[in-house]
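S.K.: Okay, handing you the structure first.
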Amino acid sequence: MHRWAMPIESVSVDLTQYDHVTICSPIWVFTLAAPVRSFCQQVSGKIKEADYILVHHQNNRYENVAQEMDTLLGIQHTQLRSIRCREGVFRNA
């Protein structure tokens, strides 16, 4: 699996002004989507507290992705919501 970043526009929002943010990401090929990886690298140290929403197709919570995001952001997430969508049916994983 590839785990490299992808070019994205610079984040112009001052995330240090927020107490809490929610980051939502699709899972790409069983891992964090490249644009979200780039976002996390770009804003590392600027987010105080975050929770994650991950959307995917598998019966997996993808806690490894949440751990990767924690490492990239330099924080410990407050909550993980993992949502499986298969054939238009949504379910908590």
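S.K.: For the range 63-93, state which GluC sites (Glu not before Pro) are in a DSSP loop and have at most 12 other beta carbons lying within 10 Å of their beta carbon.
M.R.: Answer in residue order: Glu87.
S.K.: Rank Ser12, Ser38, Ser82 by mean-square fluctuation in a GNM of the chain with C-alpha springs under 10 angstrom and give only the top-ranked residue.
M.R.: Evaluated over the chain, the most mobile residue of the options is Ser12.
S.K.: Taking the Cα centre of the chain as origin and charging only Cβ (+1 Lys, Arg; -1 Asp, Glu), how large is the dipole, in debye to the nearest 20?
M.R.: Roughly 320 debye, rounded to the nearest 20.
S.K.: Moving on. With runs of 4+ DSSP H residues as the only contributors, calculate the mean residue ellipticity of the chain at 222 nm using -39,500 (n - 2.57) per run, divided by the residue total and rounded to the nearest 500.
M.R.: Value at 222 nm, helices only, nearest 500: -6500 deg cm²/dmol.
S.K.: Then there is this: Please compute one quarter of the surface area of the Cα convex hull for the range 17-56 and express it in square nanometres.
M.R.: Its average projected convex-hull area is 2.8 nm².
S.K.: Excluding the sites themselves, what is the longest stretch of the chain that contains no chymotrypsin sites (Phe, Trp or Tyr not before Pro) in a DSSP loop with at most 16 other C-beta atoms within 10 Å?
M.R.: 31-93
S.K.: Turning to a different aspect of this structure: On a 0 to 90° scale, report how tilted helix 63-73 is relative to the longest principal axis of the chain, with both axes built from alpha carbons and the result rounded to the nearest 10.
M.R.: 10 degrees
S.K.: Specify which labelled value, from [x] 1.02; [y] 0.99; [z] 0.97, agrees with Rg/Rh (Cα atoms, Kirkwood Rh) derived from the coordinates of the model shown.
M.R.: Given [x] 1.02; [y] 0.99; [z] 0.97, the structure-derived one carries the label [z].
S.K.: Percent antiparallel among DSSP beta bridges with both residues in the chain, to the nearest 5?
M.R.: Taking every DSSP beta bridge with both residues in the chain, the antiparallel ones total about 35 percent.
S.K.: OK, next. Starting from the amide H of Arg81, placed 1.01 Å from N in the peptide plane, find each other amide H under 5 Å away whose residue is 5 or more places distant or on another chain.
M.R.: Residues meeting the amide H criterion: Tyr52, Ile53, Leu54.
Coordinate-derived values only; no laboratory data. If you're wondering where the values come from, they're calculated on a predicted model, not measured in any experiment. Using ideal geometry, Cβ is built from the backbone for each residue, glycine included, and neighbour counts are taken over all protein chains shown.
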